Every structure is written in C-alpha cells, then in structure tokens.
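First comes the structure, then the notes that go with it.
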Amino acid sequence: MLSLGRFNTHARALYFDYMTTVNIKRRVFQSDNLFRLLPYILSAILWSVLAFSEHYYLKVIEDRSLFLFDIQFVMESFKVPGGFLGLTGSFLTQFLHLPWLGSLFWVILLLVIYQLTVRAFNLSGWSMSLAVLPPVLLIIGNMSLGYGVFIMRAQDYFFATALGCLSAVIPPLAVNRISSFSGKLLLIALWTAIGFPLLGTFAFTGSLSAAILIFCNREIPAQRRLITAATTIALIVLVPLLTYGLWTSYRMTDSWRMGLPSVSEESWTRAVTAPYQLALISILVISALPHRFKDKDTSPVFRAVFFIISVAAVWLFWFRNENFRTELAMYDAIDRMDWEQVTAIYRKTEKSHARSDAKAYASRTAKLSEATDKDAIEAILDKYDKHFFEPTRTMVLYRDLALVKTDKALDEAFSMKDGSRLQKSRTQIPMALQSGKQLYFHYGLTNLCYRWCFEDAVEHGWNAGTLRYMSMLSILTGERNLAIKYLNRLDKTIFYRKWSRQCRTLLDGTHDISKIAPYDRILPLMCFEDNMTNDMAKSESQLIRHFTRPRPAGATPQFDMVALFWAMRIQSIDGFWERLYYYLNSNQVKTLPRSIQEAAILYNSLERHGVELSYSKEISDSYDRFRKYVESHPVRTIRESAYPYSRQFGKTFFYYYYFIRDLQTY
Amino acid sequence: MRKIAISALILILTACSSKAPSAFTKVDKVPTVFPDYTNITVPCNIAPMNFLIDQEADRYLTVLESESGKVSIKGKKVCIPRSKWQALTRSPQITVSVYTRNKGQWSAYSPFSINVSDEIDPFISYRIIMPSVECYERLSINERDLTSFSEKVIYSNEMVQVTDKGQCINCHHYRNYGTDNMQFHARQYMGGTIMSVDGQLRKINLKTDSTISAGVYPAWHPTHDYIAYSTNKTHQSIHSIDPNRMEVADEESDLILYDIRNNSVSVIENDSAEFECFPAWSPDGRMLYYVSAHYIAPFDSKRKEQIFLDSREIRYDLYCKPFDPDTRTWGKPVLLFEPSESERSATLPRVSPDGKLLMFSMAPYGVFHIWHRESDLWVLNLEDGSIWKPEGLNSPEVESYHSWSSDGKWVIFSTRREDGAYTRLYLTHRDENDRFSKPFAIPQKDPSFNREFMYSFNIPEFMKEPVRVSARVLASFIRSTEASPVPYSQKREE
C-alpha cells in the first residue's frame, strides 16, 4: 500500500507530468498554428508588395503578353507541347492589367500549390515547411527577371509556371487516392501521354513525382515499384519522341523543356529558367522524402529558420533597381500619354536621391582627403560613382520626349540630372527593343516604329503593347485596313476592347486626326524628307542623326523646336546657332526659353558669333556666378567636381555643357 | 420524353431551314463580301470558296445555286460544305444570292456569279513569314492542298535553330512542278542549299572562291540536270518615312549554273557593271530569261551606302540568253525589254508553260518589289513582243511574286492589296485570248482568316503532288549533315 504522503507525491508527479505535456502540446499547438498561418501571412504581404509596389512591373508583363478570345488564337497556342498551360497562363496574365487583381490570382495560386503539395505528399510537422519551396522558387523566378521581361519569348510564364507546378502535384495527389496498382499505373501513363501536349514538361514532373511516391512506398511489392519506375521513365522518354512528328515548332532535343519559359538571348537562358526548373526539382525531392522523415517533428526553431531563409532568398533574388522601376513607371505613363506624369516620375526619382547623393559626396570627400596618389583617387571615385544617382539613357529619353510633348524641353530638359548609367542587367537590352516603338512613334519616325514593333513581334510574339502601337501607327499613316486588322485583335481582349473601339471611330472618315491626340503632336514632326537609314537597334543615336540632318524644306515650327533641342542635347555650337535661327524664324517666341538663353550666353562667350540676344538678368547673373565659381573652384576632374557644381548650377545649361560629356548613347 | 425530343428536333430543323425569303426589298448592287469573290472564275477542283458578308445585318441568308446543285447557308460567314460545293462546281456557273434582314425587313442584293473553269494543280507551297525587317524567328515553308483546306509544314526553321543561332529559310523551288526534285536554302545555322534529287537528299554549299555568294534565286532546268541561280550580296535598309518602308538592294549580283550530275558550278553572267538576277528558263530549256541593272560604283567600303543612296536610280531590264543544254554552251545575252528607259524596273520574269507569255513585276525602281507598293504584274508576249498590264489584275498595293500553273491556265501571285502590309495569295485564270480574270484570294476554311492571320505568305509555287519527305526527316537531315562544297568549273560560250 502506498502511504498517503507517497500517494500525494506520486499524484503530484503525475499531475506535473500531465500539465507539462499539456503545456508542451499547447505550445506545439500554438506554434503549429503559427506555422500554419505563416504562409497566409506571407502571402498577404507578398500580395501587398506586388499590388502596391511592383505594379508597374506587373503592368509591363501584361503589356508584353496577349490573350484573345479567338479560336485561331487558341489553335495557335496548341502548336507547341504545353499549349494548354500557355493558353491558361496568357488568360491569367491579362489580369495583371489590374495589378491588384492579377497579383491576387497569382498569390492564391501559390497558396494552392503550397496546400496541394502538403496534401499530395502527406507533409506534416517540420516537413510542411518544404511545401513552401515550389512557391518560393516561382516567386524568385518571376521577380528576379528585371530587364529580362523585355526578352521573354513565352508571354505566359508569369502564371504558366505556377500552373505547371500546380499540375505537377496533381498526379501524386491522385495516386494516393487510387487503391489499385493498375489504376495508379494507368493514371501515370495517361497523365504522361495526354499531359505532354497540354502541359509540356510539367506533365513529366507530375508523372515522375507520382512514380517516385510509389517507388518509395515499401508497402508496395518491389517488382511493382520497379515496373512503375521503368514504365514512367520509358514513357517520359518515348512520348516526346513518338509525338515529335505532330509538331514542327521546336527542336527534338528541346522536347523535355517544353512549357518552360525561354528568352531571345542565350546568355539569359540559364538564369531565367533555373528557378522554375528548381521548383520542379523541389517537387521531385519532396516526393522522394521517406515517410519517417516527414512525420518526425522538430522544434519550431527549425521551421522558423526555414521560413526566414525562404523569405531571405526571395528578398535576395528579387530584382530591385531604382532606375528600372522608374523606367517602368515612365513606360506606363508614356503609354497613357500622361506627359506631366512622365516628368513627375523622373523628378521624384531625382529628388529621392538628393540625400543619398549628399551623403555619398560627404563620405567620398572624406576618403579623398586621405588619398595620396592619383590611383587611389581614381579608385575612390570609381567606388563612389555608383552611390550617386545617375539616370539611364532610357529615362533621359523618356523624360525628354515628355518635355517635348509639353513644349517644355527648351526650358526644363537641361535643368534635370543627366547621365548614362548602364542597365543593371545581365546583358544590355537594346533601347530600340525596350522603348523604340514609343520613342519612334512619338517623334514621327513611323517606319522605325513599324520595324521595332515587328522585330519584337517576331522575336517575342505579338503582345498588347505592340498591337496598340501598330494600330496607332496605321491610323497615323492612313492605312485604314491595317489599323482595322490590329484593332480587330484588340477587340478580342478584355482590357483593350474599349480603347480599340475608341480608335475605330477615328477611321470612319469624319475625323481629322491632325487635331486629335496623340497624332496632333506627331504629324508636325513628320515633315522631313525620306532617307535610307538603319538604327542598328540604337534609338538615341538614330534620333540624334535624324534631328541633326539638314533642315527639311517643309520644316514645321514644332520640328524646328525639336531639332534645336537635339542640337543642344549634343552640345553642337554650330548646330545650335543654325537651329536657333530656324526656330526663331518659324516660332512666335515672346520670351526665349531659359535653356536657350543659357546656351546662347555660354556659346557666345566661347565663340563669338555676333548673335546678340537679350538675356534676362537672372540668366546673366547666373552665368556671372558660374564664371566666378569656376575661378574659385577649379575643376580637377569632371567626376570629382560634378557633384559640388551640380549643387550650385545643376539646373543650368552651363553645367550640362561642361559636366555631361561623352555620354554613351544606346 | 420521346415526344419532347421529336418536337425539339422538328423545331430545330424548322429553325434551320434556309429557304430564301419570299418578301424582300431589292438592293441594286452586289453585296460586299470578303474576300471579294463576286464575279470571279475559279478552278473546278478548288476548295469551297467560303466568304463572309461584310456588312452589318440582323440575319443573313446566302443561296448558292448552279445547274448541278443548290445550297442555302445562314449567317454572316458563308462556309460551304465540301460535298455541296463539289456538286455546285459540276456546272460552269454558280449564282450567289445574298439576303440580309434588318429590323424585320429582308433585302435581296443583286446576285453575283462564280464561274467554274479549268482544273488547277492541286498543291501550292509558300513561305510563312512576318513582314518584318531583320528578325526571322519563325519561318516555315508550308504546303497547301488547294482542293481542300489542309495545310502542312514542309520545313520550319524552329525545328533546327537555337536561341542565338537563327536560321533563315527561303527560295523553295521544284522541277517541273514535281516534288521529287526540289530545293530550298537554309541560311546561317547549319545552313546550305537543301536539295532533293530524285528523292535523295543533299546539302550543298554553292559558294565558291569564284562566285560572290552561294546560290540564291533558283531556276531548275526543265529537261536537264541544271539549276540556274543568281548569286547576290543583298542588303536592306529602312526608309525613314516613305510608304515603301523597306528597301532591299544588291551590292553585287551574278548568275551561275549548278550542274547537278557533275556537282559543279559555272558562271552564266558576272559583269561587274551589271546586277543580273532572277533567272527563269523557257519551257524547252534553251533560253534563260533574267533581269539586269546597269550600275557602276567603286568596289570599296562606301559601295553599300552608295547603292542605297542611288537605289531609286537602279532599274532592271529584261534579258534572255540562249543555252544549249546538251553541250552546256551559252550564247550572247539579248536585251528583251528595256523599262529603265522609261524609269521603270522589271523583275521576276516567269515564262508560261506554253512558252508564249512572260509575266514579270514592274515598279519605278529596284529589284525587290514586295516592298514597292507601286509594283504591278505585266505580261510580255514572247511571240509578238507586245507588252501589257493585264486589266483588273493589279491593285494600288503590291503585286509581286507570281507562278504559272503546270498547264499555264492559272497564275498565283502574292499581293498586299488587302491591307498594304500582309502578303496574301491570289489566283487568276488565263483564257484562250490571254486575258486574265478578276483575281481572288485562295479560299480559307474561315473566311476571315486573311484578316486575322498575322503572317505573310510569300513565294507561291504550284506543285502537282505533295512533298513526300517529312519535316521531321528534313530537320534531322539538316541538323546532321554538313553542306558539301561544290567545285567551280569554267563557263562554256559559243
């Protein structure tokens, strides 16, 4: 018999054990709940970031894609294996036109992939964390592209890859629910054979992952497991080989990567496709995970670390570049022809760097004061170059275009920062491909706009953006039937139908397009004589050549204004005086724009041309101050002195002339 | 249930009955249809001439009637069942009546006719290409059965090229409309001239040290195993604002002869002051027709630029050159037609199979008329030397590449008349008086196809039979075979 005292002790011990277990379970339960909720919390964060911070990026992806409610379009999609995926991917991509909606669909899709992965592979405890791998890799794939968006051949990749991953977890999910072995085998066989034309290589991942599940299941006899493995591998090898005769749109050796995104630049291929391939591999790895590992619970710390690493990986690979974001925002504003907004975006970016520029300058000055030789100075300057804000040429050209369209180019273009920062990109994407159609269209170089719309369509497929520009271009050149052809395509979209119908009204013969935007500001620029040209994919060089050619006989006031602007842009003194003469003759100028006065006072002091202009006192004073400043602050090197000078005279043409030199044009 | 089903069936059948309305208002004009198939002459073995009624109405009804059949079709798109069409085409004329209904009132347009005439070669082939400038990511040479709507890819560059190693394909050509002897060029990646000689595949490189390029525009000798080619150093440039967006010009061009049996290349014409191009044989193979432009400029680094500056002044005349195929001996070239005198330029001479007519395209300047909106088709009568622009054949837009059917009764040609940018294929019938009928677009299953399709068709060629070698075999052959060089041999002259 137990004594009461001993009983009490035992009961206390039991009670203590019980309570400890309950507490542990409660903690485990609480942490389990937290980890179950974490994907949803992260998804909500992801959606917010996409919808409100990356909306321009998403809009460009949509602009470069196309989905038509048209049988011919549907049939065309099935000309490659994985056509169904491409079609549904394109269908969903169009919703990125409303970034909040498109990104919501995508985030939901990622969550579904996560959930189905958990279910398909019976993941529990720590192993549930593994289910975040495919979505994380898909996020990395889509958000690490950067300038790659302009060379993506597949237009559906944003959603198609996620849909592909989703499809890849369906066969394992299904085999778990089929009890008979023959049923399982039949499912794999059918999935491989039917799935390939519809889902491409994603179908193989699904089959393989289901086969791995069966192969790793020790409860199934070894012979059957081997049969499954052999059949699946044989089908994956044979189906593309046997069906190759049905297709004529790809190389046989590419059969096992059909459905994966592709790019038009070979050097990008691996970087672009790797995350998606890894997402598929991760599904295979999860399916190969033995049960005993899946069930084994580990401390929440492991799972927390796993999630943190995942978030960190997304953060690390997420393409973040201020110039790129600005370019995309300007791209969008130009497409909307919101010229004030284009300039405002540029100014905002410029302003946002004021503090960091000052900080970089202070830090650089401190370092330079310690430098002893020339090499050390150069090294410091090199190091700090990237800390200062410098726009890409695309940003500058977009900004200039907007200023030209608002008649402010001669007042404001040289009051903003200039430069030619390289794209933060694996390879430099030609400006003509990225922005050629916009620049050429709005500057009236119609045939070059046509060229780059078509080059883009040939290389990357027709997209909504290209169709819009081709429609406007055809309206501009009076090619009615051609305009209707493109508008007919846009009529079959959800988001451009209204735009297309508005454009169509211009073709009824009752409208004078010379009075309608945007044509009203383009037609006056089309007064030049024809010449043979080839831009070699360098839009800025082409624009310089174009506007610095001898003045056309029928030059309009608008053309003279733009030609003068480009003469100033290339810092040609002779060109400036010549173009100024034409500008003043053809334009009714009451007050000389600021930059013209500054250029004239500067050029007159450099090379007396005997052209006397009346300068405002403000400009004269400014130039005097500039000269005195030069005397008191001799320029050692442009790189070293640019910043302090820019703080004093950065908004003047004097600064532009002396400090913005030898820019690389693209 | 059965009663309901029968009632539903009767209702459906009644609803679908397509009798012409008894009460209507007559409209004194033919309806606008697309493609324009009003009052045309078609081959008796052509696929159904589907069209759409290009005007708005609440309801449409089309009645096609001939002595051998009648069919009524509802709807804006008039897609004629093949069996019904075949019945209709047994008679020489089909009358098409179009009725439209607006606000409950039927209107009857003036009927138009479709005349049924000579049989046509059952197959054509063409290249599918976007009207782009430099990029050629997706190109294919396709074969179309004109008696149906079936189309297949003969070869597509996507089957061989890789991302950065593109392949351009062009100039498919057949000997005497048969496909056992055919050729096309694959340029750049794994390139060469791909030939099927009596069904055997070959891949050759026709560039020799003595010629300026590999073979370009081909003309297979009708009786002997020769192919005449032009050799061209071709460049393209863009007009900054001209409606003719592109200019394609030769920096140099000559003519060569490839001897298939002896596997050798010899020169036909290589005058450095002449741009000889577009060879075409007479049906007996004893005369080679070609065009040539006289042009002199220094052979230096500025030549290419100079050529584009002078491009509006470079004009091609029509020549012929006698040839003895047995001895492979050439006679002196003869100037046949000199349009340059009147500031015009002729290209693409093609002789009718009866040897009587030579069709060519003519524009104010240049050689690559697909980019010249002014380009029209002209005909030269080789018997009496008369030259004329066939009435009703041309349009304000481009008419360019043309090909005679094997019996010379039909001509297929490429034109951009529909929208000014996308090349479409049109057929015209030649009657016994050498008049050409109103041209019409080759029929498509979906009549709105030409409006929707975002590619051009070019280089239409007639074939009597389908290509037997599959695209897969061709791709595999091109991938696995290096182009074998062809030795140069001396030209033989009288």
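The values are calculated or read from the model by the stated rules, or taken from the named source; none is laboratory data. Because the structure is predicted, anything quoted here is derived from the model rather than measured. Glycine also receives a Cβ, built like all others from the backbone with ideal geometry; neighbour counts cover every protein chain displayed.
Worth a mention:
Conditions tested, residue by residue: (1) within 25 Å of residue A:555 (Cβ to Cβ); (2) in contact with a strand residue (DSSP E or B) (Cβ under 9 Å, 6 or more places away or on another chain); (3) at pLDDT 95 or above.
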position	(1), (2), (3)
A:481	no, no, yes
A:486	no, no, yes
A:490	no, no, yes
A:495	no, no, yes
A:499	no, no, yes
A:504	no, no, yes
A:511	no, no, no
A:522	yes, no, yes
A:525	yes, no, yes
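- Residue identified as buried (at least 17 other Cβ atoms within 10 Å of the Cβ) and under 15 Å from residue B:350 (Cβ atoms) among B:437, B:448, B:403: B:403
- Picking from residues in segment A:260-269 that are farther than 18 Å from residue A:204 by Cβ and touching a helix residue (DSSP H, G or I) at 6+ places or on another chain (Cβ under 9 Å), the one that is farthest from the other protein chains (Cβ to nearest Cβ) is A:268.
- Answer from B:312, B:350 - the residue that is in contact with a Ser or Thr (Cβ under 8 Å, 6 or more places away or on another chain) and not β-branched (Val, Ile, Thr): B:350
- Unique residue being part of a loop (DSSP other than H, G, I, E, B), touching a helix residue (DSSP H, G or I) at 6+ places or on another chain (Cβ under 8 Å), within 27 Å of residue B:241 (Cβ to Cβ) and of a type in the set (D, E, K, R) when the list is A:535, A:560: A:535
- Of everything in segment A:564-612 that is touching a Phe, Trp or Tyr at 6+ places or on another chain (Cβ under 7 Å) and part of a loop (DSSP other than H, G, I, E, B), the residue that is surrounded by the fewest Cβ atoms within 10 Å (Cβ to Cβ) is A:611.
- Of all the listed residues (B:494, B:452), the sole one being within 14 Å of chain A (Cβ to nearest Cβ) and modelled with pLDDT under 95 is B:452.
- Boolean, residue A:139 is without any contact (Cβ under 8 Å) to a residue 60 or more places away in the chain and either closer than 28 Å to residue A:437 by Cβ or more than 14 Å from chain B (Cβ to nearest Cβ) (or both): no
- For segment B:284-371, the strands (runs of 3 or more DSSP E) that sit wholly inside it and include 1 or more residues that are at negative phi, acidic (Asp, Glu) and without any contact (Cβ under 8 Å) to a residue 40 or more places away in the chain are B:316-324.
- Candidates B:376, B:419 - the one that is under 15 Å from the mean Cα position of the chain (by Cα), acidic (Asp, Glu) and either at pLDDT 95 or above or outside the structural domain of residue B:173 (by TED's automatic domain parsing) (or both): B:376
- The residues in segment B:126-163 that are outside any loop (DSSP other than H, G, I, E, B) and more than 14 Å from every other protein chain (Cβ to nearest Cβ) can be counted, and the count is 3.
- There is no residue in segment A:484-496 that is surrounded by 17 or more Cβ atoms within 10 Å (Cβ to Cβ), touching a helix residue (DSSP H, G or I) at 6+ places or on another chain (Cβ under 7 Å) and under 30 Å from residue A:548 (Cα atoms).
- Where strands (runs of 3 or more DSSP E) sit wholly within segment B:192-244, those with at least 2 residues that are within 14 Å of another protein chain (Cβ to nearest Cβ) and not small (Gly, Ala, Ser) occupy B:226-239.
- Test: residue in segment A:324-344 that is aliphatic (A, V, I, L, M), modelled with pLDDT under 90, over 30 Å from residue A:257 (Cα atoms) and in a helix (DSSP H, G or I): no
- Subset of segment A:385-414 [part of a helix (DSSP H, G or I) and surrounded by fewer than 19 Cβ atoms within 10 Å (Cβ to Cβ)]: A:385, A:411
- When residues of segment B:193-216 are limited to those that are buried (at least 18 other Cβ atoms within 10 Å of the Cβ) and over 14 Å from residue B:227 (Cβ atoms), the one farthest from the chain's Cα centre (by Cα): B:208
- The conditions of being over 30 Å from residue A:432 (Cβ atoms) and under 43 Å from the mean Cα position of the chain (by Cα) are met by residue A:597.
- Consider segment B:438-449 and keep the residues that are within 12 Å of residue B:37 (Cβ to Cβ) and not aliphatic (A, V, I, L, M). The one that is farthest from the other protein chains (Cβ to nearest Cβ) is B:438.
- Every condition in (1) away from chain B (no Cβ under 14 Å); (2) out of contact with any Lys or Arg (no Cβ under 8 Å at 6 or more places or on another chain) holds for residue A:443 except the one numbered (1).
- Criterion violated by residue A:218 - all others in (1) part of a helix (DSSP H, G or I); (2) basic (Lys, Arg); (3) away from chain B (no Cβ under 14 Å); (4) surrounded by fewer than 17 Cβ atoms within 10 Å (Cβ to Cβ) satisfied: (1)
- You will find that of B:285, B:331, B:355, the residue that is away from chain A (no Cβ under 14 Å) and out of contact with any Ser or Thr (no Cβ under 8 Å at 6 or more places or on another chain) is B:331 and no other.
Condition check ((1) free of Cβ contacts under 8 Å to residues at least 60 places away in the same chain; (2) facing another protein chain (nearest Cβ under 9 Å); (3) over 23 Å from residue B:422 (Cα atoms)) across all residues:
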site: A:469; (1), (2), (3): yes, no, no
site: A:485; (1), (2), (3): yes, yes, no
site: A:503; (1), (2), (3): yes, no, no
site: A:515; (1), (2), (3): yes, no, yes
site: A:519; (1), (2), (3): yes, no, yes
site: A:526; (1), (2), (3): no, yes, yes
site: A:536; (1), (2), (3): yes, no, yes
site: A:539; (1), (2), (3): no, no, yes
site: A:545; (1), (2), (3): yes, no, yes
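- When residues of segment B:32-69 are limited to those that are over 26 Å from residue B:123 (Cα atoms) and of a type in the set (D, E, K, R), the one surrounded by the most Cβ atoms within 10 Å (Cβ to Cβ): B:65
- Top-ranked residue of segment B:102-125 - restricted to ones that are in a strand (DSSP E or B), in contact (Cβ under 8 Å) with a residue 60 or more places away in the chain and of a type in the set (S, T, N, Q), ranked as surrounded by the most Cβ atoms within 10 Å (Cβ to Cβ): B:125
- So residue A:433, is it facing chain B (nearest Cβ under 9 Å), in contact with a helix residue (DSSP H, G or I) (Cβ under 9 Å, 6 or more places away or on another chain) and touching a residue at least 12 places away in the same chain (Cβ under 8 Å): no
- Qualifying residue in segment B:73-83 (condition: in a helix (DSSP H, G or I), modelled with pLDDT of 95 or more and over 26 Å from residue B:415 (Cα atoms)): yes
- Of residues in segment A:241-252 being facing chain B (nearest Cβ under 9 Å) and assigned to a helix (DSSP H, G or I), the one nearest to residue A:198 (Cα to Cα): A:244
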